[in-house]
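Everything on this sheet refers to the single structure shown next.
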Amino acid sequence: MAWLSNPLAKLLRRCWITGSSLFTLCYLAVTLLPIDAWYARLLSGSWDYGQEGTLIVLAANSQPDGLVGSTSYWRALYAVRAWRAGHFQHILVSGGSVVKGESPLASAVAEFLIGESVPREAIWLEEQSRTTHEQAVYTARLLANVAGKKTLLTSDQHMFRAKRAFERQGLEVSAMPVPDTLKRCNNPIERFQLAYGLAVESIKIVYYKARGWI
């Protein structure tokens with residue numbers, strides 16, 4: 001066909017072939033190699049959580065019916081395990097309403113914790129924040145006069161940015177990363193999606209650094 005001899009058409013075809021080949025190579029590399037697990041471990045840092053004080057749980061998402069979303073569920077589940085082990089005296093759950101009119105994320109996580117026998121009086125809520133930066137700002141204010149150690153619980157890939165955001169607000173926290181990405185990496189089908197999430201998290205780290213939030 002005549003259009004195939006057009007220089008522009010040839011260039012577009014070459015770009016398409018090159019792009020498709022690169023995508024395929026990236027897909028195979030991410031699926032077959034432990035890249036996701038390596039990077040998630042790098043972002044999660046050391047497991048240096050304390051044995052007492054206040055556990056800070058960062059809520060992430062919720063279902064339309066007000067129940068906890070998948071990411072919040074795993075964080076809440078590990079918070080329950082830490083509580084049952086007798087490590088902490090209080091749990092502060094941080095997370096406001098992502099969509100106007102919806103219940104705060106923190107309340108959904110709190111209801112889950114109460115349903116798992118965590119005493120209601122042991123749970124504190126921060127329900128104003130909508131971003132990790134705001135979670136750090138508002139939580140630091142709430143805990144400014146609270147004595148004792150503070151431990152931050154969030155997903156492994158989120159810990160690098162979150163811990164530094166809290167410390168930027170003057171709140172020293174130990175890290176308790178939930179092995180969210182690390183567990184899901186065991187399923188090769190999920191690895192490409194996880195790689196996308198890790199790439200987005202990397203962009204957020206750069207953005208937070210540029211804004212002086214970490």
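The values are calculated or read from the model by the stated rules, or taken from the named source; none is laboratory data. The shown structure was predicted, so the numbers you read here are calculated from the model rather than taken from an experiment. A quick note on method: Cβ atoms are made from the backbone with ideal geometry, for glycine too, and the neighbour counts reach across all protein chains shown. SASA here: full protein model, heavy atoms, side chains in, ligands and nucleic acids out. Shrake-Rupley method; radii C 1.70, N 1.55, O 1.52, S 1.80 Å.
Here are some notes:
- The residues in region 121-167 that are at negative phi, of a type in the set (Gly, Ala, Ser) and not in a helix (DSSP H, G or I) can be counted, and the count is 4.
- Selection status of residue 99, among the aliphatic types (A, V, I, L, M), farther than 19 Å from residue 175 by Cβ and open to solvent by 50 Å² or more (accessible area, probe 1.4 Å): yes
- Number of residues in region 50-65 that are within 14 Å of residue 108 (Cα to Cα), at pLDDT below 95 and either surrounded by fewer than 13 Cβ atoms within 10 Å (Cβ to Cβ) or not small (Gly, Ala, Ser) (or both) equals 4.
- Within region 84-96, considering residues that are part of a loop (DSSP other than H, G, I, E, B) and open to solvent by less than 70 Å² (accessible area, probe 1.4 Å), the one farthest from residue 151 (Cα to Cα): 96
- Within region 198-214, considering residues that are open to solvent by less than 50 Å² (accessible area, probe 1.4 Å), part of a helix (DSSP H, G or I) and touching a helix residue (DSSP H, G or I) at 6+ places or on another chain (Cβ under 7 Å), the one modelled with the lowest pLDDT: 198
- Residue satisfying all of: in region 112-127; over 18 Å from residue 154 (Cα atoms) and not aliphatic (A, V, I, L, M); surrounded by the most Cβ atoms within 10 Å (Cβ to Cβ) among these: 116
- When residues of region 152-172 are limited to those that are of a type in the set (A, V, I, L, M, F, W, C) and open to solvent by 10 Å² or more (accessible area, probe 1.4 Å), the one farthest from residue 36 (Cα to Cα): 171
- Close contacts from region 172-199, counting a first residue that is in contact (Cβ under 8 Å) with a residue 40 or more places away in the chain and a second that is part of a loop (DSSP other than H, G, I, E, B) and among the basic types (Lys, Arg), with Cβ to Cβ under 9 Å and a gap of 6+ residues or different chains, come to 173/149; 174/149.
- Residue 190 vs. criteria assigned to a helix (DSSP H, G or I), closer than 12 Å to residue 136 by Cβ and open to solvent by 40 Å² or more (accessible area, probe 1.4 Å): no
- Those residues of region 99-135 which are within 27 Å of residue 211 (Cα to Cα) and in contact with a Ser or Thr (Cβ under 8 Å, 6 or more places away or on another chain), in sequence order: 104, 105, 106, 125, 126, 127, 129, 130, 135
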